[in-house]
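Inspection log for the structure reproduced underneath, given as structure tokens.
The values are calculated or read from the model by the stated rules, or taken from the named source; none is laboratory data. Note that this is a predicted model, so its numbers are computed, not measured. Using ideal geometry, Cβ is built from the backbone for each residue, glycine included, and neighbour counts are taken over all protein chains shown. Accessible surface is based on the protein model in full, side chains and every heavy atom, while ligands, DNA and RNA are left aside. Shrake-Rupley method; radii C 1.70, N 1.55, O 1.52, S 1.80 Å.
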Amino acid sequence: MPKQPKSTGKVPPPEPVRANRARQVAELLPDVGRAAFRRFGFVQSSVVTRWAEIVGERYARVSAPESIRFPMGERANGTLTLTVAGAHAPMMQHIAPEIVERVNRFFGYAAVAKLVIRQGEVKRSAGRTAPPAVRPVSHELGESLRTIADPELKAVLASLAAGVEAVRDIPVIGKIS
């Protein structure tokens, strides 16, 4: 009978994780918009899209968030930079503590500690508003959305529900002859 080599008791190292492995779509989607918004200092794009809700319509007409910069390695005590239209800058400087408080309330923690105001042209674009629901949803679907407090989430879910409701037939992928 041939002799078997003696076991040294060492376990071989685990296989390294492949860099080009198959990944789930949910893993990839957050990265799509994240790079663009982080380039401009936004960890959450909703600050831009919901600016009017955060500071109120009156101040949102004359200001727009430009960036949020955090100290290295932190996600708190950041500096929010606002672009403010012309002569409205002194008014915005006067209410700066209230703006910081509202932004922190929006985040749910002390994300912003300082406000920097830069005078400039405030540009309004279609991409800076929260998406409205595409079309009204049925009464039963609308009732289930009533308990959702976040208006942006509610609009997205209503849009999804309307799209699902519009499709009545099972889609045909291919015919078998």
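Accessible area per residue (1.4 Å probe, heavy atoms of protein chains only) ranks T83, T147 as T147, T83, with the largest value leading. Between L160 and A22, the FRET efficiency from the beta-carbon distance, with R0 = 35 Å, is close to 0.85.
Summing charges over all other residues whose Cβ lies under 12 Å from the Cβ of T81, with Lys and Arg as +1 and Asp and Glu as -1, gives +2.
The stretch between A52 and E74, if pulled fully straight at 0.36 nm per residue, gains 5.3 nm over its current Cα-Cα span.
Using heavy atoms of the protein chains and a probe of 1.4 Å, the accessible area assigned to L160 is about 110 Å². Exposure check, 1.4 Å probe, all protein chains in place: I99 carries approximately 0 Å² of accessible surface.
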